[in-house]
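Nothing in this text is a laboratory measurement; each read-out follows from the coordinates by a stated rule. Note that the structure is predicted; figures quoted are calculated from it, not measured. For neighbour counting, all protein chains shown are included, and Cβ atoms are generated from backbone atoms with ideal geometry for every residue, glycine included.
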């Protein structure tokens, strides 16, 4: 038990998620952590075109002719696609991934998706759209 400012006792609650060790917090502040997500694709060229021409990502680098890393304009993140004969499975646990963008860019992307015949499968008000990429992954573009 602990006392609050008025002197009353109050029960201290254990956090649901334990506090990380200080060294871990320091590492996270030092620009480490989740850096990329790697996804399978059956058609690397089609995937590259979709993400660069429709969504506006840039090619960060290629590891080989079967692997590409894409980056967002101001992000410190990478989207990695690996050419694979395996089809992405829905039981792998990935629901969707999202890109935070400006309101103007959201409207522009929505126009490009419409132009390319990509169906908008969901919305969250006026600030978010959901659609599938050429591999079947659900992608969210949002501006909060």
**Prompt:** Within the stretch 44-72, whose backbone N sits under 18 Å from a point 7 Å along Cα→Cβ of residue 143?
**Reply:** 54-57, 72
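Run the numbers for residue 83 and residue 49: contour at 0.36 nm per residue of separation, minus the present Cα-Cα distance, in nm.
10.8 nm
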**Asked** PRE reach from residue 42 (point 7 Å along Cα→Cβ): which of the stretch 91-106 fall under 18 Å by backbone N?
**Response** 91-92
**Message:** Just want the ordering: 47, 52, from fewest to most Cβ atoms lying within 10 Å of their own Cβ.
**Reply:** 52, 47
